[in-house]
Amino acid sequence: MKNYKIKDIRLAGEGRRLIERAEEEMPVIKMLKEKYYDSQFLKGVKIGGAIHVTKETAVLMRALKSFGADVAWAGCNPLSTNDKVAAALADEGFKIYAWRGLNTKEYYWCINKVIESNPDITMDDGCDIVVTLHNKFPEKLEGIIGGTEETTTGVHRIKAMEGAGVLAYPVVAVNNAETKWDFDNIYGTGQGTIDGIQRATSTLITGKTFVVAGYGHCGKGVARRARGLDAEVIVTEVDPIQALRARMDGYRVMPMEEAAKVGDIFVTATGCKEVITGKHFDYLKDGAILSNTGHFNVEVDADLLEKTAVSKEEVRPNMVRYKMPNGKKIYLLAEGRLVNLSAAEGHPSEVMDLSFANQILSLKYLVEHRGNLEKKVYEMPHEQDEFVAEMKLKAMGIHIDKLTPEQDKYLHSYSEGTH
Ligand code: ADE
């Protein structure tokens, strides 16, 4: 019986070359493979993952297998799977259930297949495995060692589960590591989102009014890259501190109702729902381009757009033109799903090198502390963060200063003041 369901196994050769190329750009994963291969710390451990099936995720999966794990995988978004990569993974013997263009039923079928493999550890990106496992397969919760969560939205959901007292096993918030969110979320989302918009529209960003909703790590990255292309950037926010930060970083800040009237290109990066919805559609300029880079497709109200529009036409891959009753055109990219992964290839490999190094170290933490952890969300130990940064610097050939013993003592004492 086949242990996979993917688009087309004949794409395996192309997928393998993509993975090999990504591997070249992920030196920290290579170093970890060399360092921990002998320990086989995942020997006999069944891992069930739902992280976007990209060439970078394939590099991670190969690493897990090299440490002895038995790996089953699904994607975590209906449009983000790279079918070539999925084919290569199936060809390499991974249990993989993923293809691009899943409907909701198929999406959860894939998630269920991973859960049916009885994982000892779950690896999530958006928390769909953990929630499905708790809601639909409670009998499988007993004995789970733990889980990891890759993204901000997933960490919010896991913390909500912890808060509600229903979380049944420990989960490491990989997203919250400094070497994850200060790099992946900022530079990865920044570059990948612009890349997705560019591939979907082929439009000039320079000179456009570019609206970024949300000034968290991801929004900051997108705003910075759009400014780098000489767009005029507007930020919308609900958090007064983030709004102030955006203003001090030099962006115009205003409510979405005002931004909707002047924006040419919109990107939502809030993690919240109904950020661009009916009232905004009425204000939009003719030809406005809407996209989302948040985890779920709830930020731009695509259902309402669909219901309200008088016609709909795909003008290019991942770019749909809606004609509204007032005669205006609104463009929606990648169905309002994350544009960086749906219309481009997600974060570049060098950045995923850091994120997935944190994933590997978190797995190591979970197996080493097996049975001694509480049913709660764990932050990554700071030493782990420093270790990942040190390895990346080493791979980049960058040396840094060290504190002298005197300096170290100074930083931990209070006796020396004004001289
Ligand atoms: N999330 C964002 N970019 C990604 C990538 N390239 N691979 C896996 N997950 C991602």
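Quick check on my link table: of K273/K375; K5/K33; K46/K140; K180/K402; K35/K84; K220/K285, which ones sit more than 21 Å apart, alpha carbon to alpha carbon? Please report the intermediate quantities before stating the final value.
Details: K273/K375 28 Å; K5/K33 28 Å; K46/K140 13 Å; K180/K402 23 Å; K35/K84 29 Å; K220/K285 24 Å.
Check vs 21 Å cut-off fails for K273/K375; K5/K33; K180/K402; K35/K84; K220/K285.
Over 26 Å, how big is the tail of the calculated P(r) for region 11-152, in percent of all Cα pairs?
On the way: 1946 of 10011 pairs.
Cα-Cα pairs of region 11-152 separated by over 26 Å account for 19 percent.
What number do you get for region 139-192 when its Cα radius of gyration is normalised by 2.2 N^0.38 Å, N = residues? Could the numbers behind the result be given before it?
Working: Rg = 13.4 Å, N = 54, 2.2 N^0.38 = 10.0 Å.
After normalising by residue count via 2.2 N^0.38 Å, the value is 1.33.
Can you bin every Cα-Cα distance in region 197-245 into 10 Å intervals starting at zero and give me the percent of pairs per bin, rounded to whole numbers?
28, 51, 18, 3
On average over all directions, what projected area in square nanometres does region 18-69 have, based on the convex hull of its Cα atoms?
3.5
Hey, which aspartates and glutamates would be in cross-link range of K261, C-alpha to C-alpha under 19 Å, not counting anything within fewer than 8 residues on its own chain?
Answer for K261, where 19 Å is the Cα cut-off: E232, E237, E274, D282, D286, E299, D301, listed by chain and number.
What fraction of the DSSP beta bridges in region 233-319 is antiparallel, stated in percent and rounded to the nearest 5? Working shown, then result.
Details: 1 of 8 bridges.
Here the antiparallel bridges make up roughly 10 percent for region 233-319.
Given springs between every Cα pair under 10 Å in a Gaussian network model of the chain, which of A88, A63, A164 has the largest fluctuation?
In the Gaussian network model the winner is A164.
I need the P(r) histogram for the chain: all alpha carbon pairs, bin width 10 Å from 0 out to the longest distance, whole percents.
Percent of Cα pairs in each bin: 5, 21, 30, 25, 14, 4, 1, 0.
Can you list the aspartates and glutamates whose alpha carbon sits under 18 Å from that of K392, skipping same-chain ones fewer than 8 residues off?
Once the sequence-local aspartates and glutamates are set aside, what remains near K392 is E23, E24, E25, E34, E56, E178, D182, D184, E350, D353, E383, D401.
What's the local net charge at K328, with K and R +1, D and E -1, over the other residues with C-beta under 13 Å away?
Numbers: positive: K261, K285, R321, K323, K329; negative: D282, D286.
Overall, the nearby charge balance is +3.
Helix-only mean residue ellipticity at 222 nm, the chain, DSSP H runs n ≥ 4 weighted -39,500 (n - 2.57), per residue, nearest 500. What is it?
Values: 18 runs with 181 residues, N = 419.
The helix contribution divided over the chain gives -12500 deg cm²/dmol.
Would you mind telling me the antiparallel percentage of the DSSP bridges in the chain, rounded to 5? All intermediate terms of the calculation are to be shown ahead of the outcome.
On the way: 10 of 53 bridges.
Among the beta bridges of the chain, antiparallel pairing accounts for roughly 20 percent.
Principal axes first, then extents: for the Cα atoms of region 290-411, list largest minus smallest coordinate on each axis, whole Å, largest first.
71, 39, 27
Please report, in whole Å, how far the alpha carbons of region 271-323 spread along each principal axis, starting with the longest.
That works out to 28, 25, 19 Å along the principal axes.
Report the net charge of residues surrounding E25, where surrounding means a beta-carbon distance below 15 angstrom and charges are Lys +1, Arg +1, Asp -1, Glu -1. Please report the intermediate quantities before stating the final value.
Details: positive: R17, R21, K30, K33, K55, R62, K392; negative: E20, E23, E24, E56, D184, E345, E350, D353.
Surrounding charge for E25 is -1.
Fewest to most neighbouring Cβ within 10 Å: what's the order for S415, S117, S291? Display every interim value, and only then the final one.
Values: S415 6, S117 17, S291 31.
By the 10 Å Cβ count, ascending, the order reads S415, S117, S291.
Which of Y108, Y365 comes first, and how do the rest follow, when ranked by fewest Cβ neighbours within 10 Å? Mind dumping the intermediate values first?
Values: Y108 16, Y365 19.
Ordered by Cβ neighbours within 10 Å, fewest first: Y108, Y365.
State log₁₀ I(q)/I(0) for region 219-301 at q = 0.12, 0.18, 0.20, 0.26 Å⁻¹ as given by the Debye formula over alpha-carbon point scatterers of equal weight, solvent excluded.
Cα-only, vacuum Debye calculation for region 219-301: -0.32, -0.74, -0.93, -1.52.
Compute the signed sum of charges (Lys and Arg +1, Asp and Glu -1) over the other residues within less than 15 Å, Cβ to Cβ, of C110.
Neighbour charge sum, excluding C110 itself: +2.
What do you get for chymotrypsin sites (Phe, Trp or Tyr not before Pro) in region 1-107 restricted to DSSP loop and a cutoff of at most 14 other Cβ within 10 Å of the site's Cβ? Could you put the intermediate results ahead of the total?
On the way: sites: Y4, Y36, Y37, F41, F67, W73, F94, Y97, W99, Y107; in loops: Y37, F41, F67, F94, W99.
Listed in order of number, the matching sites are Y37.
Compute and list, largest first, the equivalent-ellipsoid semi-axes of region 108-180 from the alpha carbon gyration tensor, each √(5λ) rounded to a whole angstrom.
Values: eigenvalues 74, 35, 25 Å².
Value: 19, 13, 11 Å, ordered largest first.
If you count the DSSP beta bridges with both ends in region 290-419, what percent of them are antiparallel, to the nearest 5? List each step's numbers first, then the result.
Working: 10 of 12 bridges.
Antiparallel bridges make up about 85 percent of those DSSP assigns within region 290-419.
Can you tell me, using C-alpha contacts under 8 Å and at least 6 residues apart, the relative contact order of the chain as a whole percent? Write out the running numbers ahead of the final one.
Working: 865 pairs, mean separation 68.1, N = 419.
Over the chain, the number comes to 16 percent.
Where a number appears in this text, it was derived from the coordinates with a stated rule and is not lab data. Source: prediction; values computed, not measured. Using ideal geometry, Cβ is built from the backbone for each residue, glycine included, and neighbour counts are taken over all protein chains shown.
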